[in-house]
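For reference, the structure discussed in these notes is given below.
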Amino acid sequence: MNANNRRIIIIGAGYGGMALANLLAKRGHQVDVYEKNQTAGGRISAITQDGFTFDIGPSWYLMPEVFEQYYQLFGQSAQSRLALKRFTPGYKVFFEGHEPVMVQGDLAADAQMFESIEAGAGEQLRRYVDQSTDVYSTSVEQFLYSTFRGWRSLPLASMIGQLPKLLRLITRPLDRHVSTYVHDQRLKQLLEYHMVFLGSSPFQAPAIYSLMSHLDFRSGVYYPTRGMQSLTTDMQALGETYGVRYHYGQGVSEIRVKDGHAIGIRLDDGTDIDADQVVSNADLHHTETRLLAAEHRSFDEAYWSKRQPGPSAFLLSLGVSGRLPQLEHHNLYFVQKWRENFRDIYETHQVPTSASMYICNPSKTDASLAPADHENLFVLLPLPAGIELDDRARDDLAERIIDTLSRELDIPDLGQRIVTRHQFAPGDFADRYNAWMGNAFGGESHLLSQSVLFRTPNRSRRVKNLYYVGAGTRPGIGLPMCLISAQVTYKLMHSIRTHGPLTREEVA
Ligand SMILES: Cc1cc2nc3c(=O)[nH]c(=O)nc-3n(C[C@H](O)[C@H](O)[C@H](O)COP(=O)(O)OP(=O)(O)OC[C@H]3O[C@@H](n4cnc5c(N)ncnc54)[C@H](O)[C@@H]3O)c2cc1C
């Protein structure tokens, strides 16, 4: 096989698959991406209805330096290509039964806000964010890009030096860690809510994820001015420069294997396509249990039955007449029964009786997403993976959400102002993306046993030349993680054994 001119097939045009396609094509490989749906971007999806464009996927642009590092591999800048703007304030938080607060993304201002809720909490926030920044830097520089294969891929010196601190953060749940800094439930919620977006619970996930607070309170909240869909269109435009080819409406039914090597794919219509290497960006459960014959599976149903998927979600999109001055672009609503909310999702597996939510109002930033004098609302309510909602249950949940928003976000006439609505439920994730148990974010939750080197790896253990990329594999869930995942998989495909990010020379 020629080192620089292989025929490579990628199954799925999600963000991780697209990011890897670009890296491989830049290196000189011939890259073809086969996607079952009619558009690229995978979970970065949107629907249009009655003049509104509703995102039904990611809306937070997190870890901006990870995007920047990725684009720099191509001699480009994410900041200028995506026209990033910083939100001030970063977001607004509504607490059940209390006044809302703004998170400014400015440590001095946010420390004052903490102090106003709990005496001494301002200083505690500074301490918390300092350790969070420290863990964030260590993770990005030393661990997230590692393939964990071979000594050179392991940051041994740093691991030994930081072992006591890392052990403490790995062995204790985030909620317990946060409790050593602040006590008021609202402040704890502000330091713990990210776990929802990482597909986990602060009562189960390790405290190492405290690194997320670095983003809120020090790094700041950014947004691509042309909206989240521009991440896909820009990734595609970048790839076209290097000759990446996309094939839409071409679902893959099988990864063909001969003598233990992946030799290509079979499409749903029965067409066989040959390749030197195959990468799947589809959910790993789907890839392993549906696209591979039983004898070629590294991770069979017995394996998945012991793993915990990230949560599913109910997405409610609302077109609303008039303005919504009560809201910022990003808004969060946290219930008082915080622990019970996570218990319902991860332990009793039922529709939460009391549900926290994320409410996005993107037309605040981009007026083209709604007709004149209207607002675009997108509500995300996390649900247990695997739950099924019939039409009646969906409608009931939608009504419950509208009722809560009217009451708790101070929009009493919301019900009468809704001009259109769209619902997206767990079964839709399974149908649209082949998502394992209808999970929303792309894979396993971030329990310790499913994080870092314990996460399902980026290559098959049984089939040579078969690799994986995206949220289901290392390092994990979310768009920046998908960019890192693309680099981890690229390294495995080229036997690069460093632990840091790729360099420009390595993709030349
Ligand atoms: C509602 C929601 C909100 C989110 N919010 C955020 C956020 O604010 N910030 C953030 O960073 N992340 C967020 N995420 C998570 C993030 O969107 C995902 O982690 C990420 O997009 C997953 O990308 P991926 O590369 O794993 O591929 P996916 O997006 O999962 O794409 C996989 C692709 O494979 C295709 N496919 C599957 N099976 C086949 C087959 N047999 N043949 C051909 N094609 C196939 C699918 O159609 C899909 O296009 C959110 C996700 C959702 C759903």
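For this structure, a couple of remarks:
- Selection within region 4-16: residues that are over 20 Å from the mean Cα position of the chain (by Cα) and in contact (Cβ under 8 Å) with a residue 40 or more places away in the chain. The member of this set that is nearest to the ligand (Cβ to nearest atom) is I9.
- Answer from S132, S139 - the residue that is touching a residue at least 24 places away in the same chain (Cβ under 8 Å), buried (at least 21 other Cβ atoms within 10 Å of the Cβ) and of a type in the set (S, T, N, Q): S132
- Any hit, region 33-53, residues being closer than 29 Å to I496 by Cα and more than 8 Å from the ligand (Cβ to nearest atom): yes
- Within region 277-324, considering residues that are of a type in the set (D, E) and crowded, with 24+ Cβ neighbours inside 10 Å, the one farthest from G41 (Cα to Cα): E288
- Search result, residues across region 74-111 that are among the aliphatic types (A, V, I, L, M) and in contact (Cβ under 8 Å) with a residue 12 or more places away in the chain: A78, L82, A83, L84, V93, V101, M102, V103, L107, A111
- Subset of region 240-296 [within 12 Å of the ligand (Cβ to nearest atom) and among the polar types (S, T, N, Q)]: Q250, S253, S280, N281, T287, T289
- Test: residue in region 99-111 that is β-branched (V, I, T), away from the ligand (no atom under 16 Å from the Cβ) and assigned to a loop (DSSP other than H, G, I, E, B): no
- The set of residues in region 429-471 being within 13 Å of the ligand (Cβ to nearest atom) and assigned to a helix (DSSP H, G or I) consists of F429, A430, D431, R432, Y433, W436, G438.
Residue-wise test of (1) touching a helix residue (DSSP H, G or I) at 6+ places or on another chain (Cβ under 9 Å); (2) within 25 Å of F197 (Cα to Cα).
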| residue | (1), (2) |
| --- | --- |
| I9 | no, no |
| A13 | yes, yes |
| Q69 | yes, yes |
| K92 | no, yes |
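- Among all residues of region 17-32, there is none that is within 15 Å of the ligand (Cβ to nearest atom), modelled with pLDDT of 95 or more, over 23 Å from Y242 (Cβ atoms) and hydrophobic (A, V, I, L, M, F, W, C).
- Residues satisfying the criterion are absent from region 116-134 (criterion: within 25 Å of G227 (Cβ to Cβ) and touching an Asp or Glu at 6+ places or on another chain (Cβ under 8 Å)).
- Any hit, region 472-494, residues being away from the ligand (no atom under 16 Å from the Cβ), over 13 Å from L24 (Cα atoms) and in a loop (DSSP other than H, G, I, E, B): no
- Summed over region 193-220, residues that are free of Cβ contacts under 8 Å to residues at least 60 places away in the same chain and either over 21 Å from Y61 (Cβ atoms) or of a type in the set (S, T, N, Q) (or both) total 1.
The values are calculated or read from the model by the stated rules, or taken from the named source; none is laboratory data. Since this is a predicted model, take the numbers as computed values, not measurements. FYI the Cβ positions are ideal-geometry reconstructions off the backbone, even for glycines, and counts take in every protein chain you see.
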